Amino acid sequence: MQQKEVEAIHRNHIKQKAKERYLILATQVAIFLCFVGIWEWLAQINAINVLIFSHPSKMWELFWTQLMDGRLLPHIGMTVWETVVGFLLGTILGTLLATLIWWSPFLSRVLDPYLVVLNSMPKVALGPVFIVFLGPGLLSIIAMGCAISVIITTIVIYTSFKEVNQNYIRVVRTLGGNKRQIFRLVILPSTIPAILSTLKVNVGLSWVGVIVGEFLVSKMGLGYLIIYGFQVFNFTLVMVSLAIIAVVATLMYQGVAFLERRLTSQFK
């Protein structure tokens, strides 16, 4: 096959992939717009209870009003900051714990049943414990965001460490490499995709932990606004808070996905 034919096939492949991406994006946008339009239409014809379900135009009005008068941004900033800190702590501590367990086979056998028990335990049930131990404030909320992701991070990354091809490890050992070199040259590079995939999972988990923590103790944040909206029967405020959480969590997820694509391409 000639070089020009190969290049033409490659260009056609790139065009097909681009068309597929645009089609997927257009379908996603169309589904969202249809959902919002039907929701608004049902509210306007009184087919749904607007006191409970609100409707998009009313949500936008409340969002814009609170954004312009400065009441909303402090709540968004507080929740995002708590989530980012909990996300980073959960990921870093989970990775370090997985590394420690891999480094010591004895410690691995000792901690294995405890990891299983901690993973099966509902993490949100630890909220009152954190409140008593750390106080009803920022630390307990961050601890919730961290605790809900650290165990699953440890288990996933440690499992990926164990599944690295043993032949690569034998080659480094044959060349006189020690355990630190095996980890740096073989284990860590081989498990970068698994670590990055764990980051995407941790985004959602950290949001769950922080919002639950704000439900319990916070006086500021999107979780606080949800609880406050329920207390004063302002379900439009609840819906606006949920919509903001969905948007910001999606942006964080896409940021991690972009980082994954960049780093994965470098390790190929």
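Listed values, structure above:
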quantity: Every pair of residues 6+ apart whose Cβ atoms lie under 9 Å, when the first sits in the range 182-199 and is farther than 18 Å from residue 171 by Cα and assigned by the TED database to the domain that holds residue 103 while the second is surrounded by fewer than 18 Cβ atoms within 10 Å (Cβ to Cβ) and among the hydroxyl-bearing types (Ser, Thr, Tyr); calculated: 192/264; 193/264; 194/159; 196/264
quantity: Qualifying positions in the range 220-235 - among the β-branched types (Val, Ile, Thr), surrounded by fewer than 19 Cβ atoms within 10 Å (Cβ to Cβ) and either part of a helix (DSSP H, G or I) or touching a strand residue (DSSP E or B) at 6+ places or on another chain (Cβ under 6 Å) (or both); calculated: 227
quantity: Every pair of residues 6+ apart whose Cβ atoms lie under 9 Å, when the first sits in the range 144-168 and is assigned by the TED database to the domain that holds residue 82 while the second is part of a loop (DSSP other than H, G, I, E, B); calculated: 151/121; 157/191; 160/191; 161/191; 163/191; 164/191
quantity: Positions within the range 228-260 being within 15 Å of residue 82 (Cβ to Cβ) and aliphatic (A, V, I, L, M), in sequence order; calculated: 244, 245, 248, 249, 252
quantity: Condition met for residue 116 (open to solvent by 60 Å² or more (accessible area, probe 1.4 Å) and under 30 Å from residue 179 (Cβ atoms)); calculated: yes
quantity: Close pairs from the range 102-119: first of a type in the set (D, E, K, R), partner modelled with pLDDT of 90 or more and open to solvent by less than 90 Å² (accessible area, probe 1.4 Å), Cβ under 9 Å, at least 6 apart; calculated: 112/101
quantity: Failed criterion for residue 251 (all others in (1) among the aliphatic types (A, V, I, L, M); (2) open to solvent by less than 50 Å² (accessible area, probe 1.4 Å); (3) at pLDDT 90 or above hold); calculated: (2)
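The values are calculated or read from the model by the stated rules, or taken from the named source; none is laboratory data. Fair warning: this is a prediction, and the values are worked out from it, not measured in the lab. All Cβ positions, glycine included, derive from the backbone under ideal geometry; neighbour counts span all protein chains shown. Remember, those area values only see protein heavy atoms, side chains included, never the ligands or the DNA or RNA. Shrake-Rupley method; radii C 1.70, N 1.55, O 1.52, S 1.80 Å.
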